[in-house]
2 protein chains.
Amino acid sequence: MKKLQEIAEEISRNTGVVTSAKDVEKILSASASTNHFWEIITLSQKPFPVVAEAVEILRKEGFVAVTEEKEIKFTEKGMEYLKEQNIFPKRTYTCPHCEGRGINLSLLSDLIKKFDEVTEDRPKAISDYDQGFVTTNTTIARIALMAERGDLEGKKLFVLGDDDLVSIAAGLSQMPKEIVVLEIDDRLVDYINRKAKELNLPIEAMKYDFRDKLPEKYIGYFDTFITDPPETVDALELTIGRGISTLKGEGCAGYFGVTLIEASLEKWNIFQQILTSKFKVAITDIIYDFSHYVNWDYLLTTVGKPYDFVQVEPKLNWYRSSMYRIETLKDSKGIENVYKPVEIYVDEEAIIYKGEKK
Amino acid sequence: MKKLQEIAEEISRNTGVVTSAKDVEKILSASASTNHFWEIITLSQKPFPVVAEAVEILRKEGFVAVTEEKEIKFTEKGMEYLKEQNIFPKRTYTCPHCEGRGINLSLLSDLIKKFDEVTEDRPKAISDYDQGFVTTNTTIARIALMAERGDLEGKKLFVLGDDDLVSIAAGLSQMPKEIVVLEIDDRLVDYINRKAKELNLPIEAMKYDFRDKLPEKYIGYFDTFITDPPETVDALELTIGRGISTLKGEGCAGYFGVTLIEASLEKWNIFQQILTSKFKVAITDIIYDFSHYVNWDYLLTTVGKPYDFVQVEPKLNWYRSSMYRIETLKDSKGIENVYKPVEIYVDEEAIIYKGEKK
């Protein structure tokens with residue numbers, strides 16, 4: 001029977017993403033506790049192409065079968081394999097009250113209600129800019145987190161890209177002194193400015209492509225930034241580097257989400273080296289599964305075409321990211337404020353199908 | 001009136017710990033929401049000497065007064081200063097159900113009960129080894145966290161130093177295949193081995209000083225390690241480097257606590273550089289205030305002698321640490337298995353009073 005290590009090597013070869021025997025074990029463990037493809041990703045927290053390829057291999061080996069409803073079920077042969085490999089179904093101990101974020105949202109129920117009312121007519125997520133916004137609970141939890149850490153009340157907040165409408169939630173909280181949004185999507189820029197005007201919120205949104213130079217006046221201007229960056233190494237470095245360059249000096253904070261679904265731990269390590277050695281910031285928090293994304297309409301038309309079993313509507317908000325908080329130190333520095341051309345959205349760990357691959 | 005920056009510089013000079021205006025702001029914000037010295041530390045999460053020195057300066061400036069009960073109260077002058085500096089009382093949004101850890105302990109209530117029964121006669125924390133054990137909820141949350149991440153069930157667990165008795169909790173959970181404890185305190189070694197024998201748990205404890213070479217057979221042997229290291233940079237590097245060297249290869253995990261009370265963010269940054277660049281591991285989680293320590297008997301006899309206002313019994317489990325989880329990658333490596341002499345417990349950020357300072 002195939003060894004975990006052999007399966008891992010086959011996945012690495014077929015996807016170009018470094019995969020270990022333990023990664024395979026985690027995918028098997030997740031598959032042993034759900035039949036739903038998208039939940040296997042949520043539970044295993046491995047890159048999309050890795051999970052899809054793993055399931056494909058397990059199917060070829062006869063360890064799992066895919067039903068007509070595209071449920072993924074272990075066969076007897078597969079069950080034996082689990083036992084033999086000493087692999088157990090994934091356990092879950094997530095606090096049901098805070099969805100594992102550790103934050104008490106009941107103190108902010110008015111803000112939740114108000115935000116939902118105000119943003120009912122928000123623009124839909126579109127694939128042009130790799131959009132996909134988070135749940136209201138996620139947005140408000142971000143506000144609570146920033147407020148608790150002393151990064152929001154009376155502060156100047158910079159939101160780099162805002163399909164999540166964090167700026168509106170922050171404005172409604174009445175905590176920040178000033179909020180600036182730079183965003184590439186005209187629809188969102190207009191929407192945020194209109195809401196700000198209607199509701200008299202201290203928000204200004206402007207069109208901006210993060211490859212461009214930042215407006216000079218914002219360098220060293222803010223107390224806090226928040227962003228949800230695309231996940232190529234270049235895009236991570238550029239967005240967070242720009243964010244840091246907008247901060248006033250030491251003791252300021254940056255917040256951003258990074259997934260394990262479009263970024264492997266190898267990529268996390270490289271990015272963490274950049275954060276700690278090049279930017280010289282301290283990582284103060286990495287909160288697992290903090291951000292839950294509302295399923296976006298364009299998912300099944302853009303995703304993993306080679307695998308038929310992924311063509312099933314997600315039953316849960318399966319796409320999650322970890323929340324990073326960084327804090328600037330005496331010697332922290334961001335990147336130079338010049339135009340930087342980078343590949344933003346796509347590398348071998350991305351979820352969007354690239355025809356030329358495989 | 002003194003600027004925040006001036007106060008920060010005075011603290012840096014008097015303590016030797018780099019302190020920023022924002023640090024001072026956080027201490028003021030914490031002081032504005034509690035009168036209790038130890039809670040100011042918990043809420044501001046700044047190094048003990050920094051908080052103590054800050055309060056001393058605020059007192060000298062007439063911003064706070066210390067009552068006979070050693071409560072720290074803002075004066076009118078101090079209130080004006082807060083307003084002028086745009087500083088607000090610290091907000092707290094911690095989930096009350098999970099104490100902010102994000103973990104549902106109700107699924108493990110039997111284990112909690114059993115652990116408390118079994119360890120009722122545990123050895124007291126003593127200052128010789130900088131001991132101070134965590135609450136039962138913390139210990140069981142560690143078990144849940146390791147189990148959820150797939151690092152416990154069917155695995156070999158290494159516990160480096162165990163005044164928290166994590167080994168016994170892990171044994172009682174019946175999840176690990178094998179548990180090895182290396183511990184410097186004979187009382188604990190004997191206690192853990194006795195309990196293991198009585199309860200038929202797969203635990204072996206041995207006496208060990210972490211400056212010594214590890215038993216060769218444990219290099220590359222374990223799936224998971226957990227430790228609660230002393231917080232000098234050298235001690236952090238040595239304990240975690242040894243921990244990593246005991247792991248089997250990629251996809252293995254290490255768990256450990258680091259405080260902001262005995263380690264500044266400058267130190268966090270240096271340590272994170274070591275983790276990501278030297279050891280080449282990925283930091284997957286940093287969970288704020290995960291570990292709560294039971295107040296230890298020797299606190300007031302060893303702590304901050306120069307400040308009279310610290311001589312007050314803590315009203316809460318004020319000493320907290322963040323939980324780090326790291327995961328090994330393809331190129332991860334720990335440190336060479338040789339004897340390393342290092343200063344373990346004391347540097348300028350430590351809480352224990354050193355007569356020669358100030």
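If contacts are Cα pairs under 8 angstrom and at least 6 residues apart, what is the relative contact order of the stretch B:4-84 in percent?
25
In peptide B:83-90, how many Cβ atoms from other protein chains are near each Cβ within 10 Å, on average?
3
Net charge within 13 Å of B:Trp296 by Cβ-Cβ distance, Lys/Arg positive one each and Asp/Glu negative one each, not counting B:Trp296 itself?
So the surrounding residues net to -4.
May I ask you to list the aspartates and glutamates whose Cα is less than 20 Å away from that of B:Lys124, ignoring any residue fewer than eight positions away on the same chain?
B:Asp116, B:Asp162, B:Asp163, B:Asp164, B:Glu183, B:Asp185, B:Asp186, B:Asp190, B:Asp209, B:Asp228, B:Asp297, B:Glu313
If neighbour count is taken as other Cβ atoms inside 10 Å, put A:Met323, B:Met146 in order from fewest to most.
If I rank by nearby Cβ atoms, fewest first, I get A:Met323, B:Met146.
Can you pick out the pairs among A:Lys114/A:Lys155; B:Lys26/B:Lys267; A:Lys155/B:Lys73; A:Lys333/B:Lys77; A:Lys340/B:Lys22; B:Lys22/B:Lys330 whose Cα atoms lie more than 28 Å from each other?
Correct reply: A:Lys333/B:Lys77; A:Lys340/B:Lys22; B:Lys22/B:Lys330.
Taking θ = phi - 60°, what integer Hz values does the Karplus form 6.51 cos²θ - 1.76 cosθ + 1.60 yield along the stretch A:212-227, in sequence order, with x for Gly and Pro?
Per-residue couplings from phi come out as 6, 4, 6, x, 4, 5, 8, 6, x, 9, 9, 8, 8, 10, 9, 7 Hz.
Long-range amide H contacts for B:Val64: which residues qualify at under 5 Å (H placed 1.01 Å from N, peptide plane, sequence gap of 5 or more or a different chain)?
Hits under the 5 Å cutoff: B:Arg59, B:Thr75.
Shortest first and in nm with one decimal, please list how far the B:Ser33 label point sits from its counterparts in the other copies (point 7 Å along Cα→Cβ).
Distances between equivalent label points, in nm: 3.3.
Check B:Asp285: other-chain or 5+ apart residues with amide H under 5 Å from its amide H, H built from backbone geometry?
Amide H neighbours of B:Asp285, under 5 Å, 5+ apart: B:Arg325.
Within a Cβ distance under 9 Å of B:Asp164, other residues only, what is the Lys/Arg minus Asp/Glu net charge?
-2
According to a simple spin-label model (label point 7 Å from Cα along Cα-to-Cβ), what is the distance in nm between A:Tyr298 and A:Lys177?
It works out to 3.9 nm between the two label points.
Taking neighbour counts of Cβ atoms within 10 Å as a proxy for exposure, in what order, fewest first, do B:Ser31, B:Ser291, B:Ser245 appear?
With the fewest neighbours first, B:Ser31, B:Ser291, B:Ser245 line up as B:Ser245, B:Ser291, B:Ser31.
Computed FRET efficiency, Cβ-Cβ of A:Asp212 and B:Glu204, R0 51 Å: what is it to the nearest 0.05?
So the FRET efficiency works out to roughly 0.25.
Starting from the eigenvalues of the Cα gyration tensor, five times each then square-rooted, give me the equivalent ellipsoid semi-axes of the stretch A:4-84, largest first, whole Å.
18, 14, 12
Simple spin-label model, 7 Å along Cα-to-Cβ: B:Glu84 to A:Glu80 in nm?
It works out to 8.1 nm between the two label points.
Got the A:Val342 label distances to the other copies yet, label 7 Å along Cα→Cβ, in nm, shortest first?
3.3
Let me confirm one metric for peptide A:266-274, namely the mean number of other chain beta-carbon atoms within 10 Å of its residues' beta-carbons.
If you average over the peptide's residues, the count of other-chain Cβ atoms is 5.
Rounded to two decimals, what ratio of Rg to Rh does chain A give with C-alpha atoms and a Kirkwood Rh?
Taking Rg over the Kirkwood Rh, I get 0.99.
Whose amide H sits under 5 Å from the amide H of A:Gly102, counting only residues 5 or more places off or on another chain, with H placed in the peptide plane?
B:Gly102
About the Cα centre of the protein assembly as shown, how large is the charge dipole given +1 on each Lys and Arg Cβ and -1 on each Asp and Glu Cβ? Please answer in debye to the nearest 20.
Computed about the Cα centre, the dipole is about 240 debye.
Tell me which cysteines of chain B come out unpaired when the rule is another cysteine's Cβ under 4.7 Å.
B:Cys252, each lacking another Cys Cβ under 4.7 Å.
Antiparallel DSSP bridges in the protein assembly as shown: what percent, to the nearest 5?
50
How would you rank B:Val17, A:Val181, going from fewest to most other Cβ atoms within 10 Å of each one's own Cβ?
Neighbour counts put them in this order, fewest first: B:Val17, A:Val181.
At 7 Å along Cα-to-Cβ for each site, give me the label-to-label distance between B:Lys333 and B:Gln311 in nm.
Using points 7 Å along Cα→Cβ, the separation is 5.3 nm.
Quote the charge dipole size of the stretch B:105-328 about the Cα centre in Debye, to the nearest 20; the model charges only the Cβ of Lys and Arg (+1) and of Asp and Glu (-1).
Approximately 480 debye in magnitude.
Give me a comma-separated list of calculated 3J(HN,Hα) values for the stretch A:278-283, in order, Karplus coefficients 6.51, -1.76, 1.60 applied at θ = phi - 60°, integers in Hz, x for any Gly or Pro.
Karplus values, whole Hz, x for Gly and Pro: 7, 7, 6, 10, 9, 8.
Using θ = phi - 60° and the Karplus form 6.51 cos²θ - 1.76 cosθ + 1.60, what ³J(HN,Hα) does each residue of the stretch A:91-102 get, whole Hz, x for Gly and Pro?
8, 10, 10, 5, 4, x, 6, 10, 6, x, 7, x
Zone of A:Lys340 (label point 7 Å along Cα→Cβ, backbone N under 11 Å): which residues in the stretch A:230-249?
Inside the label zone: A:233-245.
With the label 7 angstrom out along Cα to Cβ, how close does B:Asp331 come to the same site in each of the other copies, in nm, nearest first?
2.2
How high is the relative contact order of chain B? Use alpha-carbon pairs under 8 Å, at least six apart in sequence, and give a whole percent.
Reported relative contact order: 19 percent.
Send over the per residue convex hull volume for the protein assembly as shown, Cα only, as a whole number of Å³.
Once divided by residue count, the hull of the protein assembly as shown is 154 Å³.
Taking each residue of A:282-293 in turn, how many C-beta atoms of other protein chains fall within 10 Å of its C-beta, and what is the average?
5
Would you work out which of A:Ile143, A:Ile126, A:Ala196 lies farthest towards the positive end of the dipole of chain A? Charges go on Cβ: Lys and Arg +1, Asp and Glu -1.
Comparing the listed Cα positions along the dipole, A:Ile143 ranks first.
So, counting K/R as plus one and D/E as minus one, what does the shell of residues with Cβ under 11 Å around B:Gly334 add up to?
Computed value for this residue: +2.
Quick note: the coordinates plus some simple rules give every number you see, no bench work behind them. Bear in mind that the values here come from a model prediction, so they are computed numbers and not experimental data. In this analysis, Cβ positions are derived from the backbone assuming ideal geometry, glycine residues included, and neighbour counts consider all displayed protein chains.
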